Structure formats: structure tokens, C-alpha cells
Amino acid sequence: MPPELRTQQAGYQPTAVQEISLQQQKVLRNTYLLLAVTMIPTIIGAAIGTSLVNFSFVRASPILSSLAIIAIFYGWIFMIERNRDSVVGLGLLLGFTLFLGLLLGPLFQVVLGFKNGVQLVMMAAGGTGAVFFVLSGLAATTKRDFSFLGKFLLVGFVVIMLAVLANIFLASPVLHLTLCALFILFSSAVILYQINAIVRGGETNYISATLTLYVALYNIFTSLLQLLGILGGDRD
């Protein structure tokens, strides 16, 4: 090999993106593509939930309806994960996003009742997009391994879920605001952890990865929208 070629190779420093294997690039690309696709049933579900669905049963029995939604939510996630290697898992994921879109109905009905409701929705959507853009870029390009977040996320999940269950019965406004803030922080860490895991080869299934990122983005958006509605909603 000519000396000049050896010199060029010795001085060559591949970027973080170039160091990702073809398989990891494929998983990341498919995850982003599927994540974009999941927005379609979510928007459709939200439109139906906001304009057509009557959520009086939620107001009539908030405790029972909240527990039922949680049970359906995690049961659906379990079924997606169990079928994540087949087209059934893909269908379940799209159905899941439609279902969560429907669940946006009560929140949208309240927020859009404000004079600045449309602005609040746009702000929440823009804030969610900005968080995802920054964190995904950081997770995909940094050389740091964020796998250490796994244990903290597990503990955080347990703590948050216990607080959610407690507040179903307590209905504390202060705890509700605290939970919104915690969901934003927790879900941001999940995005960082999940994308970094894809880049480093720790996650090889794009359906499972999309599910994790989608739930994180959904939680950030709904939490931001609730905070904006509570703190900045204009009823005049």
C-alpha cells in the first residue's frame, strides 16, 4: 500500500453516523419512518375524539374510566411487544395510536374552549417537536453511552405510575401539575435512551423502538398542553 494512502487512512476519523452499521441505520430509518406514519391515525383519532365522541362516561365515573384506560393502555402495549416481529404487531401499533388519538378528545375539547386554544395546541406541538429534534440529534451523534439511564428510567417509571394511581383517587391539582412536569422530564430521558440504544445496536426491532418513542412523544405533548392550558389558558 502506498505511504500516502496509509497516511490518509490513519488520519481518517469517521463520524458518529458513519460508525453506525448498516443494520443499525436501517432500524433507525425504519423507526423514524414508522413514527411519522403513526401520526396519521393519531390525528384522525384526535379529530374524531374532539368533534364526535361523547366522553360523558369519563366525567360520570373518572376513577373507573381512568383505571380501565390504564389497563387497556398497558394491555395493548403488551400485545404489540408480543407480536413485534410480525405484521400483526404493526397493525396493533397503528390501532394503538388511533386509540390514543381518541383519548386526546377530552383534552382538546377543554383546551380548544379557550380563546387562545389553537395557539396552545400549536405551542405544545412545536415544543414537543423541538424536544425530539434536539434529543434525537444528541443521542444519534454523541459518543457517550446512555445505557446507564435504564435503571433510573425503571425506578422513575415505578414512582410515576404509583403517583398516577394515587392521584386518580386524590385528584390533587398540585400533584397533577407535578406529574405533568415529571412526565416531560421522564419522557425526554426515554427518547435519549431509546435512540442511543438504536445507534449502539442495543435495539434492533423498529416496531418496539417506535412504540417507545411514540409513547414518550405523546406524554410530552399531552403534558405540555395541560400545563399550557392550566397556566396560560385564556377564558375571556
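The values are calculated or read from the model by the stated rules, or taken from the named source; none is laboratory data. From a predicted model like this one, the values you see are computed outputs, not experimental measurements. In this analysis, Cβ positions are derived from the backbone assuming ideal geometry, glycine residues included, and neighbour counts consider all displayed protein chains.
Pairing each residue of the stretch 67-95 that is in contact (Cβ under 8 Å) with a residue 12 or more places away in the chain with any residue that is surrounded by fewer than 17 Cβ atoms within 10 Å (Cβ to Cβ) and of a type in the set (G, A, S), provided the two are 6+ apart or on different chains, yields C-beta distances under 8 Å for W76/G95. Yes or no: F221 under 14 Å from the mean Cα position of the chain (by Cα) and either under 26 Å from M79 (Cβ atoms) or buried (at least 17 other Cβ atoms within 10 Å of the Cβ) (or both)? So F221 fits the description; yes. Restricting attention to the stretch 139-157, the residues that are in contact with a helix residue (DSSP H, G or I) (Cβ under 7 Å, 6 or more places away or on another chain) and of a type in the set (A, V, I, L, M) add up to 4.
Every condition in (1) modelled with pLDDT under 95; (2) part of a helix (DSSP H, G or I); (3) surrounded by fewer than 17 Cβ atoms within 10 Å (Cβ to Cβ) holds for T204 except the one numbered (2).
Limited to the stretch 41-55, what total is found for residues that are over 18 Å from V87 (Cα atoms) and part of a helix (DSSP H, G or I)?
Filtering the stretch 41-55 for residues over 18 Å from V87 (Cα atoms) gives 42-55.
Still in the running and part of a helix (DSSP H, G or I): 42-51.
Residues in the stretch 41-55 being over 18 Å from V87 (Cα atoms) and part of a helix (DSSP H, G or I): 10 in total.
The residues of the stretch 144-159 that are part of a loop (DSSP other than H, G, I, E, B) and either basic (K, R) or surrounded by 13 or more Cβ atoms within 10 Å (Cβ to Cβ) (or both), listed by number, are R144, F146. Among residues of the stretch 33-48 being crowded, with 19+ Cβ neighbours inside 10 Å and of a type in the set (V, I, T), the one that is nearest to V111 (Cα to Cα) is T42. Among residues of the stretch 49-65 that are over 20 Å from V111 (Cα atoms) and polar (S, T, N, Q), those with a beta-carbon under 9 Å from a residue that is modelled with pLDDT under 65 and not in a loop (DSSP other than H, G, I, E, B) at least six positions away or on a different chain give the pairs S65/F57; S65/V58; S65/R59. Looking only at the stretch 170-218, residues that are free of Cβ contacts under 8 Å to residues at least 40 places away in the same chain and β-branched (V, I, T) come to 4 in all. Going residue by residue through the stretch 128-143, is there one that turns out to be over 18 Å from the mean Cα position of the chain (by Cα), modelled with pLDDT under 95 and part of a helix (DSSP H, G or I)? So far as the stretch 128-143 goes, yes, one or more of its residues are over 18 Å from the mean Cα position of the chain (by Cα), modelled with pLDDT under 95 and part of a helix (DSSP H, G or I).
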